[in-house]
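Only the coordinates and a few stated rules stand behind these numbers; no lab work does. Just so it is clear, the model here is predicted, and its values are computed rather than measured. Cβ placement follows ideal geometry from the backbone for every residue including glycine, while neighbour counts extend to all protein chains displayed.
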Amino acid sequence: MKVLVAMVACIALAGCASVPQRYEVPVQVPCRVQVPDKPVFATESLAPNADIFDQVKALLAERRQRIAHEAKLEAAAKACQ
């Protein structure tokens with residue numbers, strides 16, 4: 001009976017030894033994301049005496065530029081989370 005218990009214990013220990021154990025431990029790493037440069041917006045290059053139609057076109061173009069720039073900034077911020 002002792003031999004049987006000893007054999008079962010050896011088999012159990014051998015089975016545990018053959019299975020590799022893997023532990024995942026979170027490690028803090030510094031965030032190294034390059035922040036996108038601020039673009040030259042459309043209204044910055046607009047002439048002071050531009051008519052209302054050119055001003056509206058520039059404002060609409062600037063809005064699209066700002067949305068694209070904010071999307072790049074949000075992607076950079078999410079990369080560090």
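Worth pointing out:
- Residue within segment 47-55 that is in a helix (DSSP H, G or I) and of a type in the set (A, V, I, L, M, F, W, C) present: yes
- Contact annotation: residue pairs with Cβ atoms under 9 Å, 6 or more positions apart or on different chains, pairing a residue in segment 56-81 that is over 14 Å from Lys38 (Cα atoms) with a partner that is surrounded by 11 or more Cβ atoms within 10 Å (Cβ to Cβ) and hydroxyl-bearing (Ser, Thr, Tyr), are Ala58/Thr43; Leu59/Thr43; Ala61/Thr43.
- Identity of the residue in segment 32-54, among the hydrophobic types (A, V, I, L, M, F, W, C) and out of contact with any helix residue (DSSP H, G or I) (no Cβ under 7 Å at 6 or more places or on another chain), that ends up surrounded by the most Cβ atoms within 10 Å (Cβ to Cβ): Ala50
- Residue within segment 55-70 that is small (Gly, Ala, Ser), surrounded by 10 or more Cβ atoms within 10 Å (Cβ to Cβ) and touching a helix residue (DSSP H, G or I) at 6+ places or on another chain (Cβ under 8 Å) present: yes
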